[in-house]
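Notes follow the structure.
The values are calculated or read from the model by the stated rules, or taken from the named source; none is laboratory data. Just so it is clear, the model here is predicted, and its values are computed rather than measured. Positions of Cβ are generated from backbone atoms using ideal geometry, with glycine treated the same way; all protein chains shown enter the neighbour counts. What goes into the accessible areas is simple: the full protein's heavy atoms, side chains included, and nothing from ligands, DNA or RNA. Shrake-Rupley method; radii C 1.70, N 1.55, O 1.52, S 1.80 Å.
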Amino acid sequence: MPKFAANLSMMFTEVPFLDRFEAAAKAGFKYVEYLFPYEYPAAELKAKLDQYGLKQVLFNTAPGNVSAGEWGVSAIPGREADSHRDIDQALEYAIALGCPNVHVMAGVVPDPKEYAKYKQTFIDNVRYAADKFKPYGIKVLLEALSPQVKPNYLMSSQYQTLELVELINRDNVFVQLDYFHAQNVDGNLSRLTDRLKGKFAHVQIASVPDRHEPDEGEINYTYIFNKLDEVGYDGWVGCEYNPRGKTEDGLVWFEAYKNK
């Protein structure tokens, strides 16, 4: 049975961020993820996790200058020093928070003709991350983002991400399989899950097309959860969706899984 993590960047936004740990615990979650921890001291976040009996299972490297259109810098040629700084910072937080997974954000490719250069830069920087994280048993994750969400991101297809994982060739680098993005780009989720078996180390969910709770839309998540069990996936499933209304009101789907 999947282990579900509340995404505190998108869920429980009715309350300030630091109060969302308590809200998630009260709703029955034992695990949390979110985009970025860097606005807060790691010790403050760890105290919240401990206070409410939660485990942090994922966060991202820093996004760069979002107002300038950046969404990660690790694929940007000439930004290697920034990438390594962000990776080192993420490692410090992951160790302090006891977090087993870090998503290394790639970045946007402004000119398709430059794609190969961006791809190689990302490969090199992820190898740096993998080698830094390995002594601590921390996995490096790579995620494809659908063009509807992030146009011109380095990876849009799960198969592109799989290719990168195989080219990087480090045993602690994995796909971050987000079924919302996967359905929007790749489809055929059963075959995709089979193809990625053993290559993904974190899953995220949301309905398609509206990115709400997983009890609506075109993906049968009951089937997907059973499929994850079938392929032997034992990691976490992050609930990276925008609630239709108040977060707690949309958690009827979670009743069968809470406190697991």
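What helices (runs of 4 or more DSSP H) lie completely within region 107-187 and have 2 or more residues being within 25 Å of Gln89 (Cβ to Cβ) and open to solvent by 30 Å² or more (accessible area, probe 1.4 Å)? Steps first, answer last, please.
On the way: elements: 115-133, 158-168, 179-185.
By residue number, 115-133.
Among residues belonging to region 15-46 that are assigned to a helix (DSSP H, G or I) and charged (D, E, K, R), point out the one that is most open to solvent (accessible area, probe 1.4 Å).
It comes out as Lys26.
Just one of the numbered conditions (1) out of contact with any Phe, Trp or Tyr (no Cβ under 8 Å at 6 or more places or on another chain); (2) farther than 14 Å from Asn101 by Cβ is not true of Ile138; which one?
For Ile138, the exception is condition (2).
Just to verify a result, which residue in region 216-245, among those that are assigned to a helix (DSSP H, G or I) and in contact (Cβ under 8 Å) with a residue 60 or more places away in the chain, is farthest from Leu177 (Cα to Cα)?
Asp229
Just one of Glu248, Glu213 is in a loop (DSSP other than H, G, I, E, B), open to solvent by less than 90 Å² (accessible area, probe 1.4 Å), within 22 Å of Tyr34 (Cβ to Cβ) and among the acidic types (Asp, Glu); which is it?
From the options Glu248, Glu213, the qualifying one is Glu213.
Please go through region 60-105 and give me each residue that is closer than 18 Å to Thr161 by Cα and either open to solvent by 50 Å² or more (accessible area, probe 1.4 Å) or in contact with a Ser or Thr (Cβ under 9 Å, 6 or more places away or on another chain) (or both), ordered by number.
Within region 60-105, Thr61, Trp71, Gly72, Val73, Ser74, Ala75, Ile76, Val102, His103, Val104, Met105 meet the criteria.
Report the residue count in region 36-88 for those that are touching a residue at least 24 places away in the same chain (Cβ under 8 Å), more than 24 Å from Lys117 (Cβ to Cβ) and out of contact with any His (no Cβ under 9 Å at 6 or more places or on another chain).
Adding up the residues that qualify gives 16.
Checking the condition surrounded by fewer than 21 Cβ atoms within 10 Å (Cβ to Cβ), of a type outside the set (Ser, Thr, Tyr) and in contact with a helix residue (DSSP H, G or I) (Cβ under 8 Å, 6 or more places away or on another chain), which residue from Ile205, Ile219 passes?
Answer to the selection: Ile219.
If you check Ile123, Ile87, Ile76, which single one turns out to be touching a Leu at 6+ places or on another chain (Cβ under 7 Å) and among the hydrophobic types (A, V, I, L, M, F, W, C)?
Just a single option satisfies the conditions, and that option is Ile123.
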